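Heads up: the structure comes next, in structure tokens.
The values are calculated or read from the model by the stated rules, or taken from the named source; none is laboratory data. Here the structure is a predicted model, which is why all the values come from computation and not from measurement. Please note: Cβ atoms are built from the backbone with ideal geometry, for glycine as well, and neighbour counts cover all protein chains shown.
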Amino acid sequence: MASRILIVDDSGPFRLTAGELLAARGLQPAGAVADGEAALAAVSGDCPDGILLDINLPGRDGFAVAASIASVCPAAAIVLTSSEIDDVPSAVLRACGATAFVPKTELAAADLTRLFATADAHRVRTEDS
């Protein structure tokens, strides 16, 4: 069964493109929302397997949203992304509960299936980095 991935980004065109990219990799988009509050509402009743989360959101930033989602859905793999940031240190990823960071310019080439495989496996890899 395909992993269900929630897309959180304030850009409508990016949400559509990310959904197509995930589907092309055998992952199932489990909805797409524009901000952190909508993301928290989306996961409150049914945790997805993963969240593709933009760092630069209106209101609370992606780091704060990731921390909130991680507390509600600890098994979900949270992959942060941004068009304005090139790298996020491992310590910052761990602090907010994210499992990985991929710049938006590298999403098409990233192994999204592996990144969203399981939250536990990614946390181990991140801690080993």
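Does Thr113 satisfy the condition of being buried (at least 21 other Cβ atoms within 10 Å of the Cβ), among the polar types (S, T, N, Q) and within 14 Å of the chain's Cα centre (by Cα)? Quick ask: steps written out before the conclusion?
On the way: buried (at least 21 other Cβ atoms within 10 Å of the Cβ): no; among the polar types (S, T, N, Q): yes; within 14 Å of the chain's Cα centre (by Cα): yes.
Taking the combined requirement at face value, the residue does not satisfy it.
Could you give every pair whose Cβ atoms fall below 9 Å, whose first residue belongs to segment 23-36 and is in a helix (DSSP H, G or I), and whose second residue is of a type in the set (S, T, N, Q), counting only separations of at least 6 or pairs across chains?
Every condition considered, the pairs that remain are Gly36/Ser68.
Out of everything in segment 97-109 that is within 22 Å of Gly19 (Cα to Cα) and under 13 Å from the mean Cα position of the chain (by Cα), what residue ends up being surrounded by the fewest Cβ atoms within 10 Å (Cβ to Cβ)?
Residue satisfying both the conditions and the ranking: Pro103.
Output the residues belonging to segment 39-62 that are of a type in the set (Asp, Glu), out of contact with any Asp or Glu (no Cβ under 8 Å at 6 or more places or on another chain) and either assigned to a helix (DSSP H, G or I) or surrounded by 21 or more Cβ atoms within 10 Å (Cβ to Cβ) (or both).
Asp49
Residues being closer than 15 Å to Val79 by Cβ and in contact with a helix residue (DSSP H, G or I) (Cβ under 6 Å, 6 or more places away or on another chain): count how many of those fall in segment 53-63.
Of the residues in that region, 5 qualify.
Does Ala67 qualify as being in a helix (DSSP H, G or I) and either hydrophobic (A, V, I, L, M, F, W, C) or modelled with pLDDT under 95 (or both)?
Considered against the rule, which asks whether it is in a helix (DSSP H, G or I) and either hydrophobic (A, V, I, L, M, F, W, C) or modelled with pLDDT under 95 (or both), Ala67 comes out as yes.
Tell me, yes or no, whether segment 1-17 has at least one residue that is of a type in the set (Gly, Ala, Ser), touching a helix residue (DSSP H, G or I) at 6+ places or on another chain (Cβ under 7 Å) and touching a residue at least 12 places away in the same chain (Cβ under 8 Å).
No - not one qualifying residue is present in segment 1-17.
Looking only at segment 64-96, count every residue that is exposed (fewer than 15 other Cβ atoms within 10 Å of the Cβ), β-branched (Val, Ile, Thr) and touching a helix residue (DSSP H, G or I) at 6+ places or on another chain (Cβ under 9 Å) and tell me the total.
2
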